[in-house]
Amino acid sequence: MQFLDTLLRIPGLKERLFRHNTALQQNAYREIPMKLQIVLEHGMDGYIVAHCPALRGCVTQGHTEEEALQNIKEAIELYLEADPEELHLHDAQYKVCELAL
């Protein structure tokens, strides 16, 4: 502890360490976007159909490509969202974690 007290007496060191730690914390919580391939096709009814081959059954449509892409983004978010029924286990039986891909 005495060594740490001696180090913290160095002019400006405490502030530099605080800034560095804050920057590390901000970077640690920065979300890394997941990149998925989306297939856009012209549907028989004139809509643009969008689906994500990596997520079986994740399909939607839109009047335009932009609308189809916005809809597939929402569909992917819902697809990947945890099922609330699966989270109603006894606390000792599970742990919820997040993984950035």
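A few points about this structure:
- Every listed requirement among (1) closer than 17 Å to Leu99 by Cα; (2) at pLDDT below 90; (3) not in a loop (DSSP other than H, G, I, E, B) is met by Lys35 save one, (3).
- Residue in region 51-68 that is surrounded by the fewest Cβ atoms within 10 Å (Cβ to Cβ), counting only those that are more than 19 Å from Glu81 (Cα to Cα) and small (Gly, Ala, Ser): Gly62
The values are calculated or read from the model by the stated rules, or taken from the named source; none is laboratory data. Keep in mind that this is a model prediction, so the values were computed, not measured. Ideal geometry is used to build each Cβ from the backbone, glycine not excepted, and the neighbour counts take in all protein chains shown.
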